[in-house]
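Each value in this text was obtained by applying a stated rule to the coordinates, not by laboratory testing. None of these values were measured; they are calculated from a predicted model. As a convention, Cβ positions derive from the backbone with ideal geometry for all residues, glycine included, and neighbour counts pool all protein chains shown.
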Amino acid sequence: MNALFYVPLLAMLGVFSWILAIFLSHYFLVVVESSAAGGDEVQWPDEPLLDWFWKVFYLGFIAGIWLAPSLAVGRALGTGASVPIFAAVFFGLIFPISLLSSMSAPTKWLPLFPPLIPRLGQRASAVFAFYLWSSIPLGVGAWAMWVILGYGASGLLILAAILFPLALMIYGRLLGRLAFVLTFTNDRKKKKRKRRRPSQQGAESSDPWAEPEEYDQITTRPSEAAPHSTIFGDVVGYDLKEGNSPPPPPAPSTFIHDEDSEPVGVVETGEEEVAIADPIVPPPSNESADRRRRREEEHLNTEHLPEPKVPFDSTMLTFMLSPGSLRAFLTLAFGFTIVGGIIQLMSEVKPT
């Protein structure tokens, strides 16, 4: 009898877990990439849902490629219950390096980019601070996931569903700020210029602009020379004009520019030139000044932002107060509550 409920619940768990993974991957990567741009707040792009699907496979590839090495390290360093602890520590150390490598590599599907390693060494204090502060959300998130998967007390499900997305977004914020600090490093090695040794023997020099010695001997002009016979007929030479004549004045332009008018182009109709509206360039929009300002703030130029003296400041928490961050947090909290509830129901009706 319990199997009648267990199978539909298993199907629901698969569907809701897949949808939740799409939202989780999108929100996490947005927090990381927007924080890497150096902004105090996370800018949430207006992307269609279909553009989120690839992020599940991308983030799953970056994380999944280190699961087997993490388990191998855990078994090599620990025994019994300490194996998952050592495995989780190794994964927490290698995953941020792998994600930063993917962000800085020529392709996103490169899990390890060697030129990133010396850049991490140039900001060793920031890297150490990142690992120190990120251990808090990683520990909280690990405990919350343990409860959501049904291994903890069922009464703590809602608390775990709230803490896990909060820890995930804060961890993404920390990782993005570390990426922003690394933009001020340089991975190019300075090449020493080799000094040229002065040659012992002097070389002869000549002026390329000097008139040839036989110039004065040329007395026959090309137009006075005898014509050359070719298969196309006789070819007669011609003389070059001496002196520089001024260029002809430019033709008057029929293009009239008006700041308040729409962009126009010029079309030749054979008899006269007619100015028409350019269909390629859209007319100015009627968006408000506040909306235009917010749109321009989304495209931050990190070249004009100074390197932060304190990479991990209060904005690691205050970014959650923005409407976009709150909406993402509540969406993930609701999703983990549903998934955790389904897992608990499956544990109660599981056939024996």
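For Ser223 and Ile85, compute 0.36 nm times the residue count separating them, minus their Cα-Cα distance, and round to one decimal in nm.
Stretched out fully, the Ser223 to Ile85 stretch lengthens by 40.2 nm.
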Output wanted: per-residue J couplings in Hz (rounded whole) for region 38-54, from phi through Karplus 6.51 cos²θ - 1.76 cosθ + 1.60, θ = phi - 60°, x for Gly and Pro.
x, x, 6, 10, 7, 8, 9, x, 8, 10, x, 5, 5, 7, 8, 5, 5
With θ set to phi - 60° and the Karplus curve 6.51 cos²θ - 1.76 cosθ + 1.60, what are the ³J(HN,Hα) couplings of region 126-142 in order, to the nearest whole Hz, using x for Gly and Pro?
5, 5, 5, 5, 4, 5, 5, 6, 6, 5, 6, x, 5, x, 5, x, 5
If r is the Cβ-Cβ distance from Phe16 to Leu77 and R0 is 35 Å, what FRET efficiency results, to the nearest 0.05?
0.45
Most packed first (mean Cβ within 10 Å per residue), the peptides 134-143, 10-19, 69-78 order as 134-143, 69-78, 10-19
With a ≥ b ≥ c the root eigenvalues of the C-alpha gyration tensor of region 102-159, is it rounded (a/c under 1.5), prolate (a/b larger than b/c) or oblate?
oblate
Run the simple label-point estimate for Ala153 and Ala63 please: 7 Å along Cα→C-beta, distance reported in nm.
2.7
